[in-house]
Structure formats: structure tokens, C-alpha cells
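Chemist: Handing you a structure now.
The values are calculated or read from the model by the stated rules, or taken from the named source; none is laboratory data. Quick caveat: nothing in here was measured; it's all calculated off a predicted structure. Glycine also receives a Cβ, built like all others from the backbone with ideal geometry; neighbour counts cover every protein chain displayed. When the accessible area is computed, the model is the full protein with side chains, heavy atoms only, and any ligands, DNA or RNA have been set aside. Shrake-Rupley method; radii C 1.70, N 1.55, O 1.52, S 1.80 Å.
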Amino acid sequence: LKTADSPSERVAIGLSNEFPSVAHIAPMLSLGNSYNAEDLKSFDEKIKKLVERDSIEYTVEPKFDGTGISLVYLQNQLDRAVTRGDGAVGEQITNNAKTLKSIPLSADFSSKNIDAIEIRGEVLIRKSTFEAMNKRREAAGEKTFANARNTAAGAMRQKDPSEVAKRGLEAFVYYVGHAVDTAGDSQLIGEIPTHHKSLELLYEMGFKAPMQEITKCSDIEAVIKCVEDWESKREDYPYEIDGMVVKVNELALQEQLGATSHHPRWAIAFKFKAKETTTRLLDIEYQVGRTGAITPVAKLEPAALAGVTVSSISIHNEEYIQEKDIRIGDTVVIERAGDVIPQIVRVVEAARTGKEQVVAFPKNCPDCSTELTRPEGEAAWRCPNRACPSQIVECMIHFVSRDALDIEGLGKSQVQRFYELGHLKGIADIFALPFEELEQLEGLGKRSVSKLKKAIEASKTKGLEKLLYGLGIRHVGKGTAKIFSKQVDDLRDLASWDKEQMEALEDVGPIVAQSILDWFSDPLSQQLLADLAAAGVNLKGTKSSSGAEETTGIFSGTTWLFTGTLENMGRKEAGALVETLGGKLLSGVSSKLNYLVAGAKAGSKLTKAQKIDSVEILTEEAFLAMLPS
């Protein structure tokens, strides 16, 4: 008899040619971090103050080191599985998720009066499974996997579900984000009053919930003892964990506490201390970044650390080397901060033999030999030559990256290859690649080149914020690019702006403004923009279309700006609230501004506003008091 969980239902699915983007029912937010008992006590005090309670019950459970997943069940059947993605939108990987035996294809949620439910979880690999898989690959002469986390994440994006099934993946579920009956009424809080109860329900339904691992704690002192106990035994646990997650147990309190734009207020991650090991520093190489920054990279004797083999570590800059007295030939202690980024913690001076070499930082660019400069107040030495080959290649790699123009098929290796072959000499050449010649290259062919051509054409129509970020202007991140894209009709208009205009925009300070001014005044930049325009790349901003239709509400006809750190919500959240009530957000302080809400550590915007009599300055508490109850 064929059942919903039969093997044929799980793997006989065929190839997945693509993973369509899917919006999450509610954002999959990141967690705030804590590192010691004082951080946890501060978290507890803040919650008690917000909900006006003397004591809070918490749950503590492992923070699994895998890849996030969202599972949606409709009328008892698995409808879709989605990766975390950017937290708002992920990729649908349902066919791959169905190969995991720990994910039920159906569950009797209707017996609990639940018609639709969204469950959050983590896909990971048991330590013993990962080690055995690597031994098999090594014996077969295949490349071994570096770490369990990346292996799990990569496996879930395999195009062939049968390959996913071979990886031995498991899925732990840790949170119910949404559960409604046939009328659309929530079954959380009333029917499922606590987080612990929600996991019990999932466990009963056949999910792999951490019921043996989760601990209910009556107060924060019990939480502190629990996380310390887990830290002492983390190596004995069969799965990789990098900390513990502390959550308010009552769902009604979770709802009352809500979330900032970044993380829920009712949960926090307690991060374990980084793992350490020792190795020997063999040499230092120097890399040139897209902005000309020279980064020294320590080449090490390969060392196993927290599930990965480390052989290279960035050592930041000359001051870092001098401060730690790092010498070539030293025995060094390395760790992975947050079990992610490796770094040199200290030198083992007792192990020195006298043969170690003091590091002489280069005076000239290791690629183009231009004399290096170090601007006043900065730690990094820089190559000022924008024609430096390394900078050109790194700029192109950044330009085609996912957060910029996102040109699929033109990754780092292809950019480097095309540059070495002379097909790419700069960003503008991306739009003039000789596709017929590329078809003759080994590893390409008509189909691959055709896809690349389509991806390049599609990139021409991306929003201006993507292009501006992709240009790689120093200090211009995704947020700044978005701000400026809304202020111009055409990107080239910024060439006529002055520094004061730029600094009037929200979150744009003098350093960012000067960097943009310098870039747009450079003849190389002006030529690049002209070439991009000639190639048909979109340079149009959204200023002309940003005049939204008038709204009504208690703040209708008023203008607002938020600065500093708000205690009860993020600035984006507060701004969105103002807009729903009819107000308009401004990007800078001027005589057009009616209200400035100043949180903690408010800076130059508050100073400017204090000089304009027509601007009313509010505390966060005064702002909240104006909101409708």
C-alpha cells in the first residue's frame, strides 16, 4: 500500500531546474546575540520592564548550526518548503525537502483544528554522518566537504532530489510562526499557549522537535545555569551547535513584545566561546581589494578548527600585525569568532626560536607597484591607482554579484578568466562581450553563452539602487544606494550635487558624501557612466515616481524624521507606522521638517534640528503617546 511517506513519494520527483522565490508568511528574523551572564540579565530586565512582570518563564534549546527552512502545511499536507533567504523572501525547495525522512509529508493538524500552519526549522547533518560521508569521498578520490553547515545548505539547493537524499540530512523544527483554522482564526496563544506546548504538538505529529534538549526555566538565573551546562558538554552532542536559544515561553508575551526590524524582542541567542587551536604562520601574502585597500593574509599550516580546515586568515592591516607582534614563523593561536570567521587571537611567544621574521609591510602595491597611501585616521594602506588590475577585477566581481546586478553565469572565476583573455578590461565591457568567441572556449558552448547573454540583458533593467551599489563606491552600501536612487531622476544628476545636499539625506554623513563627490568628479567614473548609458543600462532613479498618492490619518500633512536608537522599535518600523497614519518621511533635516523623533545617541541631525525653530523635537515616549490607542 502506497502511503504519503512512501519512498516513491519522497524521491521520484525528477530534476528541479530552478528554485522560485517565495515570500515568507512572516519574516524569518535573525536573533540578537548574548555572550555572558550579564548580557542575559540585561535581556531579562528589558523584557520585565516592557511587559511589567516580576518574573518570566523561558525555554532554552540548542542553536543548531545548519541552514534555516520554513515548512507550510495546508489541510494536513506539506505544501511548500522555503529557504530562509534574506528573511523576507526565500527559495522554494519543496522537492528536496521531501527527501528528508524527518519532514513528514502529511500530519494530522486538522485534529487540532489547524487548517494552515507554518513551521520554522533547521536542516543539518549529524557529526558522525558527516565524518563517514567524508571518509567515503576520500576513499573514492573525491573532494571532501569543508564543514557540515555549508554541506547542508548546498545539498538543499541540489537540482536532483535523489542526490539530496544521499546526504543524510535531518531537520529539527523549533518554532510555529503561524497556525489558523478554516476560518482563518489563529490557534496560537488560546489553543497553544506556550512555545513548549507548540513543540510538543509538533513532536506528537512526527516532527523532529528538540524535546529531549529543551529546558523550561523559571527565571534568568536558571537560564544562565542551563546555558553554562550546555557549553561544557557541547562536544558530546551529536550535532554541531554554536550556542543556545533563549525564548520567552508564553506566546501571549511573545506577541506583546513583538519585534524590531531585525530580531524578535522575546528571544536571544547565547553564543558559546569560540573554539581555539594552534598552528604555524608560514608566510604573509597581500591582496588588493576593489577600493584599493591592501589586506595582509596569513598563510598557515592547515589546522582543523570547529569543523573546517583553516589555512588562510585575514590579518586586517599593519596596525593589527604590530599590535599582536605577529612574525613569520610564529606559532599562533587561532579561533573562529562565532564559529564562523577565523582569526589569530595571539602569538605563542614561548614557542619562538629566534628564527621568526618581523613583518615588513609593503610600501608599493603588490600588483601595479604604485606607491601606497594611508589617509589620515585610517588603518588600511591603499593603492590609489584605479587602473590597478586587481582593483579592476575585484570591481567587476562586485558589479555582477548577487546584491548588485546579479548576473548569473558571470561569477568570480569567469570574470577572472575573461579578464585574462582580454575580453574584459572594465565594468562597461561586460555589456560588450564577444559572445560568438566565448562559445569556442572550453567549458562553455552555445547554451551556456546564450544563458549568459540573457542574464546580461536582464541586468540592464535592474533598479538604480542595484547599479549604484554595484559601482563599488567606497562607503556606499545597499542602504545608501537605495536612499540616493530615490533622490534623482538620473544617476548622472549626482555629479551636480554638493556635499551639503548629500549630508541633508538621512544616514548620509560627511565621509559618505565626500566619497561620492570624489567618485563622480573622477573622469574615469564619468566615462563609465556614459558607456553604461550607451549600452542601455538603466540609470533612471525613482524621484519622479516617488510622489505617492495622498494618504489620510492623524499625521496627514506632517513630515517626520527619526534619528538615534529607539528603545521600543526600529526606525524603519517607526517610519512605516508614521506613513500608515498619513505622515511623510523626510531624508534630512530642513525647514520642511515638522517633527524629529530623537532616540539614544542622536547625533548631527538633532544638532541641526535644534537650530530650526519650526522643527518640533520629540522623545520616543512623546512620539508613542501621540499614537492612537
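Chemist: Might you work out the accessible area of GLU573 for me, using a 1.4 Å probe with all protein chains in place, and round it to the nearest 10 Å²?
Modeler: About 70 Å², rounded to the nearest 10.
Chemist: Could you work out what % of the accessible surface of segment 172-279 is carbon and sulfur, using a 1.4 angstrom probe and leaving DNA, RNA and ligands out of the count?
Modeler: Of all accessible area on segment 172-279, carbon and sulfur atoms account for 47 percent.
Chemist: Separation of segment 357-399 and segment 35-93 by C-alpha centroid, Å?
Modeler: 42 Å
Chemist: Next question, about the same structure. Got a sec to turn the phi values of segment 28-45 into Karplus ³J(HN,Hα) couplings, 6.51 cos²θ - 1.76 cosθ + 1.60 with θ = phi - 60°, whole Hz, x for Gly and Pro?
Modeler: Couplings: 8, 7, 7, 9, x, 10, 10, 10, 7, 4, 5, 4, 5, 5, 5, 4, 5, 4 Hz.
Chemist: Same structure, new question: Between the alpha-carbon centers of segment 222-295 and segment 500-525, tell me the distance in whole angstrom.
Modeler: Distance between centres, Cα-based: 36 Å.
Chemist: Averaged per residue, what accessible surface does the chain expose to a 1.4 Å probe, in Å²?
Modeler: Accessible surface, normalised per residue, equals 50 Å².
Chemist: Under 15 Å Cα-Cα from LYS499, which aspartates and glutamates qualify once same-chain neighbours fewer than 8 residues away are excluded?
Modeler: Leaving aside aspartates and glutamates fewer than 8 places away in the same chain, those within reach of LYS499 are ASP507, ASP518.
Chemist: Still on this structure, I have one more. Can you give the helix-only mean residue ellipticity at 222 nm for the chain, where every DSSP H stretch with n ≥ 4 adds -39500 (n - 2.57) and the sum goes over all residues, rounded to the nearest 500 deg cm²/dmol?
Modeler: Taken over the chain, the calculation gives -8500 deg cm²/dmol.
Chemist: Rank MET502, MET211 by accessible area, highest first, at a 1.4 Å probe radius?
Modeler: Descending accessible area places them as MET211, MET502.
Chemist: Let me check something: with ligands and nucleic acids excluded, how do HIS316, HIS263 order by accessible area (1.4 Å probe), largest to smallest?
Modeler: HIS316, HIS263
Chemist: Okay, next question. Over segment 422-529, what percent of the accessible surface lies on carbon and sulfur atoms, probe 1.4 Å?
Modeler: Heavy-atom surface of segment 422-529 belonging to carbon and sulfur, 1.4 Å probe: 49 percent.
Chemist: List the Cys residues of the chain that have no partner Cys with a C-beta closer than 4.7 Å.
Modeler: So, CYS217, CYS226, CYS395.
Chemist: Given the protein chains as shown and a 1.4 Å probe, how many square angstrom of ASP493 are accessible, to the nearest 10?
Modeler: Its heavy atoms expose roughly 60 Å² to the probe.
Chemist: Which order, highest average first, do 186-193, 512-519 follow once you tally other Cβ atoms within 10 Å for each residue and take the mean per peptide?
Modeler: 512-519, 186-193
Chemist: Still on this structure, I have one more. Could you tell me what percent of the DSSP beta bridges with both partners in the chain are antiparallel, to the nearest 5?
Modeler: Close to 85 percent.
Chemist: So how exposed is LYS233, as accessible area in Å² (1.4 Å probe, rounded to 10)?
Modeler: Around 90 Å² of this residue is reachable by solvent.
Chemist: Specify which labelled value, from (1) 87, 69, 48; (2) 298, 50, 35; (3) 73, 69, 60, agrees with Cα extents along the principal axes in Å derived from the coordinates of the model shown.
Modeler: (3)
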